[in-house]
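S.K.: Input: one structure, supplied below.
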Amino acid sequence: MPKLDRRCAYYTESKEILGLMVRLLDVKPEDRVFEPSAGEGAIADAVLSAVLPSEFILSEIDARSAALLSSKFQGRCSVFCGDTLLSSQVDELKGKIDKIIGNPPYGAWQTQEKRQILRNKFPDSYVKESYSLFIERCITLLKPGGRLVFIVPDTFLYLNRHRHLREFLFARCCIEDVYLFPSKFFPGLKFVYSGLCIINLKKGRNNEMLCRVHSGFKEVTDLGCSSESVSQIPQSDLLFPEVLRFYANAPVLGDEASVVTGICTGDNKRFIFSEPDEGRVPLAKGAGSKAYSYGIDRFWILWDEEAIHHYKTDKKARFQNRTFYFREGIGMPMVKSKKVRAFYMKDKVFDQSVVGIFPHQSDRLDYLLAFLNSDAADRLIRTINPTANNSCNYLKRLPILPCSENNEHRIGDFARILRQEKISASERLSLEAEINAFFNRLYRF
Ligand SMILES: C[S@@+](CC[C@H](N)C(=O)[O-])C[C@H]1O[C@@H](n2cnc3c(N)ncnc32)[C@H](O)[C@@H]1O
């Protein structure tokens, strides 16, 4: 194995990633700052170009890199050459640091001997994935109220082997932001199974903590821009998606309904219009105007013989799930908005920006429509998948808890009234509140 790979010496050269991390860290001149795996100083450079803290300590295991850091940052940083996870010099920083920033090694190669030492020091942790040890170690170095900003793989958020780390974070910290993005944003990296994330946390517990999950980034230049999608979820849901295990034996939406995406024309400019005309039929595309109802039609799709032949045969088009077009069902926009909004759909084609939900028992449609628009479903959806997309596979996993027939009819009736839009705004609010209270009770939120 090349020496660089053994140490996981991938340096943070992306100015967007560095810019965002430094902004989140928010270093003040009076701060004592620590970087646990400083490499050749790319992150330190970015911090110092924003502000000169009262003390800046860099730690690095590789002697050559440490020497380089010493000469590069002479007078501005002190450099520890040693193993951040084990060094007694670092032990002395416990509880004394205001801000920690880093790109720790993700799975640095270790001898069997070193692994055993790490197991003794971090008995509950998964020592093969070094980044989780760096998170744990560095949190102990922070003062109460101190801040840590790291770029790490996103696996600690969901893999079972990182459960201890999640419990550790939950007991000691408030995770304020998580930015989720593909590993290819990081120059030189491409994980097959996981993405990367920037985590911004503050040391100290707060039971009410809501975490901002930022996702939906297409390019690295989108990081920290307003085009991102942000959802706020309780920290407990972020760290313990196991909440869903309470409902482990319940049927899921995928058992109760066909959950499918719609057509892709392959050339929307040619086939989709904003006005009706001969040969065009209404199309559900994106979100409705409000929850429950799609509102007035805004799109029409060409639906003559030639167009249909194109949808069926063109390489870029997908005439998928065609038996569901025009049927009565529920639409959900593929891209999440602040609050999930499901709408009643009938006599329309729907495209791939919509997930179509077609209950196997049609008399359950309005009850499911109410559930999908409830706060409880919103919370469950964001727990199953905190990223920006409502893809079919995630929605299929929503637990559908049984309730009495009476309640199912009552809630279904409310949804029918809401989708028909023949009520005042205040009546609408009170029906929505009743629906939310009902599902909160049912799901014990
Ligand atoms: C992923 S690089 C990051 C470097 C730098 N922070 C950056 O982003 O440009 C990880 C660095 O951690 C160092 N490293 C690996 N294990 C370490 C340990 N146990 N203690 C301190 N540094 C370590 C490696 O030598 C390497 O320079």
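S.K.: What's log10 of I(q)/I(0) for the range 246-442 at q = 0.08, 0.10, 0.16, 0.17 Å⁻¹, Debye sum over Cα points only, no solvent?
M.R.: -0.27, -0.42, -1.00, -1.11
S.K.: Which lysines does Lys346 reach when only Cα atoms under 23 Å apart count, and residues fewer than 8 places away in its own chain are ignored?
M.R.: Hits, sequence-local ones excluded: Lys285, Lys290, Lys312, Lys336, Lys396, Lys422.
S.K.: Which residue, Thr313, Thr111, Thr261, has the most motion in a Gaussian network model of the chain that connects Cα atoms within less than 10 Å?
M.R.: Thr111
S.K.: Residues of the range 112-152 with the amide nitrogen closer than 11 Å to a label point 7 Å from the Cα of Leu52, along Cα-to-Cβ, please.
M.R.: No residue qualifies, since no backbone N sits under 11 Å from the label point.
S.K.: In the range 95-140, with Lys and Arg counted as +1 and Asp and Glu as -1 at Cβ, which of these residues, Ile139, Gly102, Gln112, has the Cα nearest the positive end of the dipole, that is, farthest along it?
M.R.: Going by the charge dipole, the pick is Gln112.
S.K.: Related question: Extending each Cα 7 Å along its Cβ direction at Glu30 and Glu219, get the distance between those two points in nm, one decimal.
M.R.: 4.2
S.K.: How high is the relative contact order of the chain, given as a whole-number percent (alpha carbon pairs under 8 Å, six or more residues apart)?
M.R.: 11
S.K.: Taking every DSSP beta bridge that has both residues in the chain, what percent is antiparallel when rounded to the nearest 5?
M.R.: Antiparallel bridges: around 65 percent, rounded to the nearest 5.
S.K.: For Ala284, which sequence-distant residues (separation of 5 or more, or a different chain) have an amide H within less than 5 Å of its own amide H, given hydrogens modelled in the peptide plane?
M.R.: Val349, Phe350, Asp351
S.K.: Are there any GluC sites (Glu not before Pro) in the range 108-213 that are in a DSSP loop and have at most 11 other Cβ atoms within 10 Å? List them by number.
M.R.: Here the sparse-neighbourhood loop sites are Glu208.
S.K.: So, one more: Highest first, please rank the peptides 68-80, 265-277 by the mean number of other Cβ atoms sitting within 10 Å of their residues.
M.R.: Details: 68-80: 16.0, 265-277: 13.4.
Going by the mean number of other Cβ atoms within 10 Å, highest first, we get 68-80, 265-277.
S.K.: Shifting gears a bit: Given +1 on the Cβ of Lys and Arg, -1 on the Cβ of Asp and Glu, and no further charges, what dipole in debye does the chain carry about its Cα centre, rounded to the nearest 20?
M.R.: 800
S.K.: At 24 Å minimum axial length over the Cα atoms and a Kyte-Doolittle cut of -0.5, report the qualifying DSSP H helices in the chain, or say none.
M.R.: 425-442
S.K.: Of the lysine pairs in the range 86-146, how many meet both conditions: Cα atoms under 18 Å apart, and a spacing of 8 or more in sequence or different chains?
M.R.: Counting lysine pairs in the range 86-146 gives 5.
S.K.: Something else: For Ser293, enumerate residues with amide H under 5 Å from its amide H, sequence gap 5+ or separate chain, H modeled in the peptide plane.
M.R.: Here the answer is Tyr344, since their amide H atoms fall under 5 Å of that of Ser293.
S.K.: Then there is this: For the range 366-445, state which trypsin sites (Lys or Arg not before Pro) are in a DSSP loop and have at most 14 other beta carbons lying within 10 Å of their beta carbon. Working shown, then result.
M.R.: Values: sites: Arg379, Arg382, Lys396, Arg397, Arg410, Arg416, Arg419, Lys422, Arg428, Arg441, Arg444; in loops: Lys396, Arg397, Lys422, Arg444.
Hits after loop and neighbour filter: Lys422, Arg444.
S.K.: Hey, could you grab the Kirkwood Rh for the chain? Inverse mean 1/r over distinct alpha carbon pairs, Å, one decimal. Let's see the in-between values first.
M.R.: Details: mean 1/r = 0.0408 Å⁻¹.
Kirkwood hydrodynamic radius for the chain: 24.5 Å.
S.K.: I'd like the distance separating the alpha-carbon centroids of the range 353-394 and the range 32-62, in whole Å.
M.R.: Cα centroid to Cα centroid, the span is 45 Å.
S.K.: On to the next question. Tell me what the chain gives for mean residue ellipticity at 222 nm when only DSSP H runs of n ≥ 4 count, each as -39,500 (n - 2.57), the sum divided by the residue total, rounded to 500 deg cm²/dmol. All intermediate terms of the calculation are to be shown ahead of the outcome.
M.R.: Values: 17 runs with 149 residues, N = 445.
It comes out at -9500 deg cm²/dmol, rounded to the nearest 500.
S.K.: Let me ask something additional. Under 12 Å from a label point 7 Å along Cα→Cβ of Lys316: give me every residue in the range 262-281 with its amide N that close.
M.R.: Inside the label zone: 265-271.
S.K.: I would also like to ask the following. Residues of the chain: accessible area per residue at 1.4 Å, in Å²?
M.R.: 46
S.K.: Highest GNM mean-square fluctuation, the chain, Cα pairs closer than 10 Å: which of Pro104, Pro29, Pro333?
M.R.: Of Pro104, Pro29, Pro333, the Gaussian network model singles out Pro29 as fluctuating most.
The values are calculated or read from the model by the stated rules, or taken from the named source; none is laboratory data. Note that the structure is predicted; figures quoted are calculated from it, not measured. For neighbour counting, all protein chains shown are included, and Cβ atoms are generated from backbone atoms with ideal geometry for every residue, glycine included. Each accessible area value is taken on the protein alone, full model and side chains, heavy atoms only, with ligands, DNA and RNA left out. Shrake-Rupley method; radii C 1.70, N 1.55, O 1.52, S 1.80 Å.
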